[in-house]
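Data block below; observations after.
We did not get these values from a lab; they are worked out from the coordinates using the rules stated. Predicted model only: the values in this text are computed from it and were never measured. In this analysis, Cβ positions are derived from the backbone assuming ideal geometry, glycine residues included, and neighbour counts consider all displayed protein chains.
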């Protein structure tokens, strides 16, 4: 269910989709410089990517979370949905756009996972289910693509536009942060208890040589002591 998705997960999914926009735009630019034709049906695939982006934004808006769409994704979204340009016009647009321009809130993580369905590299078609997959599946793919975010090594900037969000949505996000912090506190306490238990067990192992030495000394003394008549 979309209602089970948190604003943070939606932000991660939007970051992931935005990276896809940058990658296929850069690939099209490289083809243009080499005077090569773009992949077959590339315009339809871009439209499919745009529909995925629109779904994320629709779900975000439905829960009162206003997202800040990254530069490259926002340009292509505008071209396809607002300006309604054709394939040739979009190709010229992407040929001249700066794919390296990023906003402060955009993902800049280098240790990423493998990106599924890179049609701009393989020339293959997108799966039939690509546009209809659930928000949860989008989030799952984004989490796999950002493994260092999931393990806590890196963090992704949040794409929330707080100035345009209603107060109830901001309060909901604040409550979610409080809940997350409390869960982390409980987890830390549990882990601390486990560590303390392990340290106590290890202390027994540390004392084993000393106990063994005492037993050997007692044995030696009992052997050396004359037997009582």
- When 55, 95 are ranked with the fewest other C-beta atoms within 10 Å first, the list becomes 95, 55
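So how much slack lies between residue 32 and residue 198, counting 0.36 nm per residue of separation and subtracting their Cα-Cα distance, in nm?
53.7 nm
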- Query: Given the Cα-Cα distance of residue 153 and residue 23 and 0.36 nm per residue of separation, how much length would full extension add, in nm?
  - Reply: 44.5 nm
- Item | Separation of the residue 110 and residue 128 label points, Cα + 7 Å toward Cβ, nm | 4.2 nm
- Message: Starting from the 7 Å offset along Cα-to-Cβ, what nm value, one decimal, do you get for the label separation of residue 54 and residue 179?
- Response: 3.1 nm
- A correct fewest-to-most ranking of 155, 148 by other Cβ atoms within 10 Å would be 155, 148
- Footprinting exposure proxy for 101, 45 (fewest neighbouring C-beta atoms within 10 Å first): 101, 45
- Query: Quick one: which of 135-144, 119-128 comes out on top by average Cβ neighbours within 10 Å, and what's the full order, highest first?
  - Reply: 135-144, 119-128
